[in-house]
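Engineer: The structure under discussion is supplied below as structure tokens; questions concerning it will follow.
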Protein chains: 2
Amino acid sequence: MKDYKPKSRLTAQAYIDGVLSGSRVILSRAITIIESNLESDKLLAKDIIQHILPASGNSIRIGITGVPGVGKSTFIEAFGKHLINQGHKVAILSIDPSSQRSRGSILGDKTRMEELSNLENAYIRPSASGETLGGVANKTAESMLLCEAAGYDVILIETVGVGQSETAVHGMTDFFLLLMLAGAGDELQGIKKGIMEMADMVVINKADGDNIQKSEMARLQYQNALHIFPQSDSGWSPVVTKASSTKNIGIDTVWDEIIKYKQLVTDNGYFYENRNQQKIRWMYDNINDELKQLFYGSKDIASKLDVLKKDIISSKISPVKAAQKIIEEFKESF
Amino acid sequence: MKDYKPKSRLTAQAYIDGVLSGSRVILSRAITIIESNLESDKLLAKDIIQHILPASGNSIRIGITGVPGVGKSTFIEAFGKHLINQGHKVAILSIDPSSQRSRGSILGDKTRMEELSNLENAYIRPSASGETLGGVANKTAESMLLCEAAGYDVILIETVGVGQSETAVHGMTDFFLLLMLAGAGDELQGIKKGIMEMADMVVINKADGDNIQKSEMARLQYQNALHIFPQSDSGWSPVVTKASSTKNIGIDTVWDEIIKYKQLVTDNGYFYENRNQQKIRWMYDNINDELKQLFYGSKDIASKLDVLKKDIISSKISPVKAAQKIIEEFKESF
């Protein structure tokens, strides 16, 4: 793959001024710089981030997940419109590490949220692409900072409830919302236990028509299931509610609960404590990724590992000794 | 802390010959070398491991966990005696990273298993101590290889069901057994969800006297709960049984189920596939620990990290940029 010449770039100052003045066009172009893999853009991106950093953070960050088919886009459309009616500016981002391969990004198709995307105070951005979850998560988190600097005070970060990207979203948001459907019994099947454990709120979506009774049963079932998890550090007890995104029922309740949560965790100090911890963890995650990249990214190491693996399986060398040997070789290679 | 002069050491060949001949005394002294933090002993340990490696592996490795109070030592005593009556040689090891601090190692007090420890074919060794879980786990896993080379064909590795050491034990055993008690309702409270998910078998212990009915209810409850987890790669469906260690009821069933498991996974190839994967993972865990040690073990890095953390919290630098900066400095330090 050859590097291509970037289309005309602005100066760092022009991006910074544009973002801080709330220009959607400049915001979009700045996020493109963040997402770019060109070395010159990476330097530019660092410069932009560094300067908008003090203006970021003034928002509530909400992670939203749920398996495909749960009605995430319909929910986000209804929820986003409700927020805008309340006077908020809403940015919708996503983490979807699969988007590069499948080209079917969960937010790639903006028409999924047609009404919302036409509103002045909504900003929708499809998932960044990238080789690794860590890389994609970095780009989304940095885009979030830009959106905040541009005046968006509610950030929704969407992901698909099937993989590891939930943990990444949970690590960069203040509130984690899980969408579920009333099903035929095995309610807990679809979603991984660990995701359930992260949820501050579970919303049983599509609770309308023939589905209302089943949804109320599912609600009770989840409310009971959530009791088996230990209390979160936030002091908040997870809430389970029903909603119908298409009929616009229960959407206001979701926001009301989030406001209650924000009040609680602001009062008890968890809100900023958690954000500080998230920032520190974000640094450590990057350090650990870079360390692994430094080691495993070397072609020499990769071929040596292949030999060692064969020797380990045939009991020629112990795993511990193999590790020490290759680390010694790595140190000498500097 | 000053290094002390080791007591008289044997030659590597003497340890190797002694272990391979099944000498309990030499086995114990060889494990002491494995557990030692002296540099000269580390070299000796590598030499010993390297030579006994081809003679290791001929055993079934069983991980046993459960919260304190569940009756682990009583169970292991009853189970171990049953195995020895069947003609097996049983080694009992443990992983308890807390043992150094508390000095109250879970197996430190051999008198907990008095009858078992007096039997010729039982070998009981308290947990190694160490600063990190990775270090302790390495020592236990290498001690296990020595026990196998000395002819022990059933290895029990005990741990306490409250922390991360379960994952380490699960990563070095063929079969994972979880001990539980019949309780008053919230059966799932005590133990982390992830540990439940690893179990090949759950044994409701202390199922005797007034407890029998409650134990049967708990058994059904767990059997249902285990259904919500996805099927394991081994093809085995986890079993839930009742046992009374003091009355020696249900102990034979535990072993019968393990034999069934061994047959199944030998036939379908999972047994050796899993062991090979465990060995490879063991190498990677060691590599990743060493990489982190290389980086975080540097005093210079530690003080730089403290400054960066403050700058991150005060929004002077972004977490991503902070990580890149310190990695660059790390590379230059070589």
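Engineer: If you consider only alpha-carbon coordinates, what radius of gyration and Dmax does region B:284-332 have, in Å?
Structural biologist: Every Cα atom of region B:284-332 included, Rg and Dmax give 11.9, 36 Å.
Engineer: Right, another one. Starting from a label point 7 Å past Cα on the Cβ side, list the distances from A:G297 to the same position in the other copies, nm, shortest first.
Structural biologist: Once sorted, the set of distances for A:G297 reads 2.3 nm.
Engineer: If you don't mind, another one. Antiparallel as a % of all DSSP beta bridges within chain B, to the nearest 5? Working shown, then result.
Structural biologist: Values: 1 of 27 bridges.
Around 5 percent of the beta bridges assigned by DSSP in chain B are antiparallel ones.
Engineer: So, one more: As a check on your reading of the symmetry: which chain B residue has its Cβ nearest the axis that brings B onto A, and how far is it in Å?
Structural biologist: That would be B:F334, 2.
Engineer: Where the label is 7 Å out from Cα toward Cβ, how close does A:R9 come to the same position in every other copy, in nm, shortest first?
Structural biologist: Copy-to-copy label distances for A:R9: 5.7 nm.
Engineer: Now for a separate question. If each DSSP helix of 4+ residues adds -39,500 (n - 2.57) and the sum is divided by the residues in chain B, what number results at 222 nm, nearest 500 deg cm²/dmol?
Structural biologist: Details: 14 runs with 174 residues, N = 334.
Computed ellipticity for chain B at 222 nm equals -16500 deg cm²/dmol.
Engineer: Of A:K214/A:K247; A:K42/A:K331; A:K139/B:K316; A:K325/B:K42, which ones are farther than 21 Å apart at the Cα?
Structural biologist: Numbers: A:K214/A:K247 17 Å; A:K42/A:K331 28 Å; A:K139/B:K316 19 Å; A:K325/B:K42 14 Å.
Flagged as over cut-off: A:K42/A:K331.
Engineer: By how many degrees, between 0 and 90 and to the nearest 10, does the Cα long axis of helix B:39-52 differ from the longest principal axis of chain B?
Structural biologist: Approximately 50 degrees, to the nearest 10.
Engineer: Output the 0 to 90 degree angle, nearest 10, between the alpha-carbon long axis of helix A:133-149 and the longest principal axis computed from the alpha carbons of chain A.
Structural biologist: For helix A:133-149, the angle is close to 50 degrees.
Engineer: With each pseudo-label sitting 7 Å past Cα toward Cβ, what's the A:D153-A:F229 distance in nm, one decimal?
Structural biologist: 2.9 nm
Engineer: Can you tell me the FRET efficiency between A:E332 and A:R9 if r is taken as the Cβ-Cβ distance and R0 is 51 Å, rounded to the nearest 0.05? All intermediate terms of the calculation are to be shown ahead of the outcome.
Structural biologist: On the way: r = 41 Å, r/R0 = 0.81.
Once rounded, the FRET efficiency stands at 0.80.
Engineer: Take chain B, mark every one of the GluC sites (Glu not before Pro) that falls in a DSSP loop and has at most 13 other Cβ within 10 Å, then report the longest stretch left between them, sites excluded. Walk me through the numbers before you get to the answer.
Structural biologist: Working: sites that count: B:E120, B:E131.
Longest gap between qualifying sites, sites excluded: B:132-334.
Engineer: Return one number: the angle in degrees, 0 to 90 and rounded to the nearest 10, between the long axis of the Cα atoms of helix B:319-332 and the longest principal axis of the Cα atoms of chain B.
Structural biologist: 70 degrees
All of the numbers you see were taken from the coordinates with simple rules; none came from a lab. What you are looking at is a predicted structure, and each value in this text was computed from that prediction instead of being measured. So basically every Cβ, Gly included, is an ideal-geometry build from the backbone, and we count neighbours across all protein chains shown.
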